[in-house]
1. Give the relative contact order (percent, whole number) for the stretch 204-265; include only Cα pairs under 8 Å separated by 6+ residues.
2. Quick one: Debye curve from the C-alpha atoms of the stretch 84-152, no solvent, what's log10 I(q)/I(0) at q = 0.14, 0.26 Å⁻¹?
3. Using Cα springs under 10 Å in a Gaussian network model of the chain, which residue among Arg216, Arg139, Arg119 shows the largest mean-square fluctuation?
4. Tilt of helix 40-49 relative to the longest C-alpha principal axis of the chain, in degrees (0 to 90, nearest 10)?
5. Add -39500 (n - 2.57) for each DSSP H run of 4 or more in the chain, then divide by its residues: what number comes out at 222 nm, to the nearest 500 deg cm²/dmol?
6. Springs between alpha-carbon pairs under 10 angstrom, Gaussian network model over the chain: which of Pro253, Pro375, Pro240 fluctuates most?
7. For the stretch 333-355 and the stretch 36-94, compute the distance between their C-alpha centroids and round to whole Å.
8. So what's the stretch 1-58 giving for Rg/Rh, alpha carbon basis, Kirkwood Rh from the mean inverse pair distance?
Amino acid sequence: MKPIEDWLRETIGLDVASVGPTLVQRAVRHRMRTLGLRRPADYRQFLEHSKVERHELVESVVVTETWFFRDPEPIAAFVRLVREEWLPAHASTPLRLLSVPCSSGEEPFSIVMALLDARVPAQSFQMDAVDISSRALARAARGLYGRNSFRGKDLAFRERYFRPSPEGFALDPAVRSCVRFFQGNFVGEDFLNGQASYDFIFCRNLLIYFDPMMRRKALDKIERLLAPAGVLFVSPVEQPLAFERGFVKASLPMSFACRKAPPGMRRQRFPSPPRQPGLAPGPPLKRQAEPRPKPGSGRLTLPASTAAASRGSDLETARRLADLGHLKEAAAICEAHLRENWASAQAYYLLGLARDAGGEPGALDCYRKALYLEPNHYEGLLQMALLLQKHGYAARARAFKSRAQRLKMRQ
């Protein structure tokens, strides 16, 4: 499968580990059965000569999971900024917005509805939305959505902008007309070439699927597309990645927004924290019931809240094995769980703890993926802060610790 995994990385930037190798293997096997091929090498060769098959494979592995107002805080912060700062300073200039990847349209349509609710005239902004999946874009163009697209507690917007239909809920044509959809490959050399810069870019939950090299290229591309005074919105776990490429905080609480560094400010691009196989975890914070061991001590005691949050007997077994000092066995169970349930934040968190306590590399990536899947994972925030502090990234560590403290205050 490695040649096909390499092709996915080179073509769409996908780091197979981010979605789980099982998903890719299942997709490839399905395509091979459909084509009557037996060997992955034959399928890899077929990919080279069939544009249609390349399209089919990409559609099989991209993650299009989303829903309306998935993260309301960044959208609310964006609307306040538009009303209070941007519109007064640009009365005669249309606001240019970009949503990438836009999947089946829930994010860009959420942004449009929020602007209209704030009485921002439709003619004062232009929303472009891009995704690599033609199937997702076809769903967006239809504007018909099932109940799975409405998951929040506040669904009043559905009463205002949708009407029931036999196929679900049909979006108001006035909202649909505010978004221009494009198909495009974000890592392609010609992505949005010739387009004017954007004042606001929403690029949430994309960088997490890229390997470090592709992340750097993607952020450099975003920098090119973003206006000098523009604002970039990313997910909580992706914001530190943007900082590493020279972006700075936008000072919009709970929005995880970034700006380009001011012209007079020296741009610094920081490497990712090194993976040191002997790294000792930091001292415990108050939430932890027992001190964490040094690498090689043979025992890891997990917080009680982590045990309560563990789902499935396999993760509970992993926790017990870790308590007994069998870190490699615990890690193996977590890895097996992730092969079947790649979107398990708790499994990534437990795997990170096991690797961290055992002095193994990869703990940082595990915590990062756990926080991508569950941004309010309290213990994950604390452990990320501890590990970054140990690597010498004090500012980034404080940011994660502050998020954990705000979360605890709300509980």
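The values are calculated or read from the model by the stated rules, or taken from the named source; none is laboratory data. Treat the numbers as computed from the prediction; the structure is a model and nothing was measured. Heavy atoms of the whole protein, side chains included, go into the accessibility calculation; ligands, DNA and RNA do not. Shrake-Rupley method; radii C 1.70, N 1.55, O 1.52, S 1.80 Å.
1. Values: 66 pairs, mean separation 20.3, N = 62.
Answer for the stretch 204-265 is 33 percent.
2. Debye intensities relative to I(0), on a log10 scale: -0.50, -1.19.
3. Arg119
4. It works out to around 20 degrees.
5. Details: 19 runs with 198 residues, N = 411.
Using -39500 (n - 2.57) per qualifying helix, the result is -14500 deg cm²/dmol.
6. Its mean-square fluctuation being the largest, the pick is Pro253.
7. Their Cα centres are 25 Å away from one another.
8. On the way: Rg = 10.4 Å, Rh = 11.4 Å.
Ratio value, two decimals: 0.92.
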